[in-house]
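Structure first, then comments.
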């Protein structure tokens with residue numbers, strides 16, 4: 001087995017494990033919700049008036065109910081498969097880099113495999129600090145789709161770097177852009193859950209029994225706080241990405257900003273996330289509307305990776321190959 | 001929805017706004033967060049056409065074609081600024097309003113922040129029960145001493161990191177005999193926010209300054225030839241309105257050779273121009289210019305932006321005299337460097353002027369299915385050309401594009417059957433034109449480099465402003481805004497301390513600070529993990 005095959009096979013392995021993890025995380029969500037509802041119904045736990053309504057999610061259900069923690073088993077499987085998947089993913093990425101002889105983010109196939117890796121990595125790193133298992137299904141699901149698409153549709157054999165990319169700025173500028181994509185992917189899942197959870201709480205949508213799993217997700221306010229932290233990190237890093245890109249453009253093309261389609265969309269993304277940060281503190285915009293802005297920013301980010309690379313003519317055209 | 005009323009004439013007694021009132025109202029609207037938000041969204045929306053539609057500054061040729069192909073939409077979009085979005089009146093209006101809003105918002109806030117920093121922080125609230133609390137705990141010392149210990153933990157520590165991360169503290173003795181400590185941090189957050197917004201203004205000013213003083217020129221230099229930095233030497237030259245042409249440093253660049261390497265499949269690997277660079281009065285220096293590695297000369301940089309072939313052609317007229325001889329710049333049309341060029345021969349001794357439309361195939365291959373170049377390297381260079389006779393139209397005094405032939409007064413050279421003749425020359429060959437019109441010789445095949453020289457005196461300022469923007473932004477988002485309160489009272493000889501803390505919802509670390517403060521007051525070790533939790 002040569003290094004090319006090693007990369008492709010480990011990446012397929014990661015894809016499979018992420019798919020399993022996605023189902024495990026989804027099952028976990030459903031079970032946590034069941035346990036929560038069961039605990040409420042069975043004991044009518046005196047949730048004291050003083051306790052904040054959304055305090056402990058998985059209320060340490062009084063031992064009597066159910067052989068506790070059927071959800072814990074699913075959570076264990078989910079965590080383990082995600083972790084092993086991420087390891088295989090890392091091996092696949094490293095093998096691709098060794099095979100190509102340069103950092104593995106110089107075309108769309110490589111952006112996609114490294115961006116999805118950073119999404120899973122961001123998820124795993126945050127999970128070390130706080131319980132965000134409820135994001136697992138979304139994150140591993142998106143990673144599965146991204147890796148699957150990369151390996152089937154976007155795959156490109158390794159090639160040397162074109163002269164325009166022969167620069168250490170490729171390491172700095174593109175790596176940070178890819179890491180931002182990973183972080184904002186996790187944040188996007190959080191914002192989407194926030195909107196769904198909020199709709200269910202107010203009875204607007206997603207209120208039926210089929211969406212009972214939303215009960216296992218923290219309150220909209222907590223999700224907002226979580227996504228804000230990720231968006232804040234993402235926004236600072238995106239600002240850095242744009243600045244590093246401008247410095248590189250000045251080096252390579254003799255101008256720091258030229259409204260190339262890629263630059264236009266980087267600017268749009270920046271402005272949308274800036275609008276999101278302002279909306280959070282504006283009356284009438286905090287909550288749902290600001291969450292929609294964050295989602296719009298993420299959609300623009302994905303557009304910049306896909307539509308702009310494939311359909312718009314510009315100086316960044318090598319990105320599409 | 002309330003109806004918008006411009007002025008309330010229905011109720012005669014209601015006060016009128018008047019002119020100054022209106023101005024004030026407009027200013028208040030412009031500086032409101034809601035309007036800033038809408039302007040931001042408009043800015044994002046207004047940018048999008050700039051990536052979808054062809055733009056004059058980015059691609060004039062495509063834009064011209066777009067206008068020509070769309071007889072209604074082309075001129076309409078052009079007139080409304082959609083083909084130069086980022087220079088259009090409406091885009092400018094949006095960002096100028098946004099910056100007005102920004103300045104109107106941060107100037108008062110900066111003044112407020114300055115006053116706020118010099119004022120003592122607010123005293124501890126009467127009741128702490130609204131906040132997340134800690135305690136009560138017993139302390140082994142008197143209330144004053146207990147809070148002094150807590151204060152020591154919270155106040156700025158040595159070193160500038162400690163200084164930045166410390167809390168402002170006040171301690172009050174209350175009427176009921178208790179002692180209250182209030183500690184607050186958050187000034188860095190607001191300071192970072194102000195720095196960020198002010199730096200954005202600085203970025204805009206730096207860009208404006210650069211636009212006024214920048215200059216940029218493009219020149220094509222064939223191997224073995226030289227170029228002197230003067231406005232007249234450039235093929236194209238543009239500059240800001242306050243640029244002075246005498247500022248140009250008259251250095252000379254001689255292109256000794258241009259290395260272009262390609263993989264076997266024709267993929268570009270490396271381009272490098274080997275030049276001799278001479279400053280006036282200095283010794284010549286050998287330099288290399290490649291993509292991503294411009295040559296720096298004073299405040300200007302010279303970039304290698306493109307390359308191609310400039311075949312050396314010699315044209316003899318009907319009398320056998322050399323009418324033209326020299327390199328002709330051909331423009332590459334595809335990845336295999338199939339290149340096109342035009343030769344204009346106005347100075348013939350007898351007969352009509354000559355013109356040629358030529359195509360160069362660096363590695364020519366004539367196969368059963370296609371004829372063309374299969375690789376960008378000059379393995380088998382062949383030039384195919386169509387010859388024309390007549391009037392080149394050069395005498396009209398109108399500047400002509402050197403890459404196109406004005407065929408309006410030219411007729412193609414034809415063979416006996418009346419078909420246009422295609423001449424084919426390999427390197428070193430000479431072909432005779434029909435009807436004794438003369439001959440063409442393909443002498444040599446040097447490469448050329450397309451150089452771009454640019455100076456922008458605003459770059460150091462721009463970089464400084466950008467770095468400040470980033471630092472300010474990071475501080476405004478990551479510095480914490482927390483309040484911690486402790487109340488110590490004497491309860492029959494023992495000191496009892498209670499505490500509470502407040503921070504925005506996303507900041508879970510404030511509990512760690514409270515734990516550290518109350519532990520210090522109580523004279524015990526903080527619970528394990530408090531420090532770590534604080535960092536979250």
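Scan the range B:33-60 for residues that are without any contact (Cβ under 8 Å) to a residue 60 or more places away in the chain and farther than 20 Å from residue A:262 by Cβ and the total you get is 6.
For the range A:207-225, the condition of being facing chain B (nearest Cβ under 7 Å), closer than 20 Å to residue A:139 by Cβ and either surrounded by 20 or more Cβ atoms within 10 Å (Cβ to Cβ) or under 24 Å from the mean Cα position of the chain (by Cα) (or both) holds for at least one residue. Pairing residues of the range B:246-264 that are without any contact (Cβ under 8 Å) to a residue 24 or more places away in the chain with residues that are crowded, with 17+ Cβ neighbours inside 10 Å and part of a strand (DSSP E or B), at Cβ distances under 6 Å and at least 6 apart in sequence or on separate chains, gives B:259/B:272. Considering A:257, A:285, A:265, A:270, the condition of being facing another protein chain (nearest Cβ under 10 Å), closer than 18 Å to residue A:242 by Cβ and in a loop (DSSP other than H, G, I, E, B) is satisfied by A:257 alone.
Flag: residue B:223 does not match the condition of being more than 30 Å from residue B:362 (Cβ to Cβ) and either loosely packed, with under 13 Cβ neighbours inside 10 Å or touching a residue at least 60 places away in the same chain (Cβ under 8 Å) (or both).
Determine, yes or no, whether residue B:479 is surrounded by fewer than 20 Cβ atoms within 10 Å (Cβ to Cβ) and at pLDDT below 90. For residue B:479, the condition - surrounded by fewer than 20 Cβ atoms within 10 Å (Cβ to Cβ) and at pLDDT below 90 - is met. Being without any contact (Cβ under 8 Å) to a residue 40 or more places away in the chain and either under 41 Å from the mean Cα position of the chain (by Cα) or crowded, with 19+ Cβ neighbours inside 10 Å (or both) is the filter here, so list the residues in the range B:379-392 that pass it. Hits for the range B:379-392 are B:379, B:388. Residues that are under 21 Å from residue A:268 (Cβ atoms) and more than 9 Å from chain A (Cβ to nearest Cβ) within the range B:25-37 comprise just one, B:35.
Filtered by the rule that a residue be over 30 Å from residue B:302 (Cα atoms), buried (at least 22 other Cβ atoms within 10 Å of the Cβ) and without any contact (Cβ under 8 Å) to a residue 12 or more places away in the chain, the range A:251-291 gives a lone residue, A:271.
For the range B:393-402, filtering for residues that are at positive phi, exposed (fewer than 14 other Cβ atoms within 10 Å of the Cβ) and at pLDDT 75 or above leaves 0.
With respect to being closer than 21 Å to residue A:220 by Cα and more than 7 Å from every other protein chain (Cβ to nearest Cβ), residue A:309 falls outside the description. Counting only strands (runs of 3 or more DSSP E) that sit completely within the range B:247-346, those holding 2 or more residues that are away from chain A (no Cβ under 14 Å) and more than 28 Å from residue B:396 (Cα to Cα) correspond to B:252-262, B:268-278, B:285-290, B:300-309. Only a single criterion out of (1) in contact (Cβ under 8 Å) with a residue 40 or more places away in the chain; (2) assigned to a helix (DSSP H, G or I); (3) loosely packed, with under 12 Cβ neighbours inside 10 Å is not satisfied by residue B:122, namely (2).
If you check B:144, B:176 for being part of a loop (DSSP other than H, G, I, E, B) and touching a residue at least 24 places away in the same chain (Cβ under 8 Å), only one passes: B:176.
The values are calculated or read from the model by the stated rules, or taken from the named source; none is laboratory data. Just so you know, these numbers come straight off a predicted model, no measurement behind them. Please note: Cβ atoms are built from the backbone with ideal geometry, for glycine as well, and neighbour counts cover all protein chains shown.
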